[in-house]
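Below is one structure, written out as structure tokens; comments come after it.
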Amino acid sequence: MTTAHTATPIERVPGRAWTVRLTGSADRSATVSCSNTACKMPARSKDLAALRRFAAQHAAAHAKAASPRPHAWCHCGSTQCEAHPDSRTHCAGTVVLVLRHDPTMGRVWNVEEVCAACAPLLANTTVVARAARPGRGNGQPPAPVPAARPDVPGGFSSPTAGPDDRPAAPTRRSRRAAQRPQRRSTGRQR
């Protein structure tokens, strides 16, 4: 007797990445560029502080507008984990969305979908959101939940936004995890 598996597996997709870069010129002006060509960038300017603020807000806007997809591959793993060469690990765990920015350089901001194993190994990284775990009940992927898109500052635009790009819900932490259990006395004296 042959048993057929009826649930359709979810295909894995490459992890997404956005790079926002501040590039200087010989005339002491600078420009901001984004790896998403649909994004609107300000004109070249000599106000470097304003351009730096814009770049940071723009990277944060990408992180806010996109939520990590549970069926994505680790973007770090797709580059053979070049971002953490001293620490070898196998990509594993849930997908998280991270924002990387080295304050000593101050010119590049990266937003990436990476795995939970690589995220703590990446320098100057903040985990912005975690992917929702797929439903385990019937083997079917969870139905997409329509969500209203909030306005995002920083000149962000994404004409190809799909249901997997909806904003992530804010994460809540339980207070119980922080409490330590108290030992009960057994009534015996020592």
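Could you count how many residues in the stretch 8-20 are outside any loop (DSSP other than H, G, I, E, B) and open to solvent by 60 Å² or more (accessible area, probe 1.4 Å)?
Of the residues in the stretch 8-20, 0 are outside any loop (DSSP other than H, G, I, E, B) and open to solvent by 60 Å² or more (accessible area, probe 1.4 Å).
Which of the following residues is open to solvent by 80 Å² or more (accessible area, probe 1.4 Å), of a type in the set (Val, Ile, Thr) and not in a helix (DSSP H, G or I): 37, 23?
Among 37, 23, only 37 is open to solvent by 80 Å² or more (accessible area, probe 1.4 Å), of a type in the set (Val, Ile, Thr) and not in a helix (DSSP H, G or I).
Can you work out which of the residues in the stretch 61-119 that are of a type in the set (S, T, N, Q) and open to solvent by less than 40 Å² (accessible area, probe 1.4 Å) is nearest to residue 131 (Cα to Cα)?
67
Criterion first (exposed (fewer than 13 other Cβ atoms within 10 Å of the Cβ), under 19 Å from the mean Cα position of the chain (by Cα) and outside any strand (DSSP E or B)) does residue 57 satisfy it?
No; evaluated as a whole, the condition is false for this residue.
The values are calculated or read from the model by the stated rules, or taken from the named source; none is laboratory data. Every value quoted in this text rests on a predicted model; they were computed, and no experiment measured them. In this analysis, Cβ positions are derived from the backbone assuming ideal geometry, glycine residues included, and neighbour counts consider all displayed protein chains. Side chains included, ligands, DNA and RNA excluded: accessible areas come from the protein's heavy atoms. Shrake-Rupley method; radii C 1.70, N 1.55, O 1.52, S 1.80 Å.
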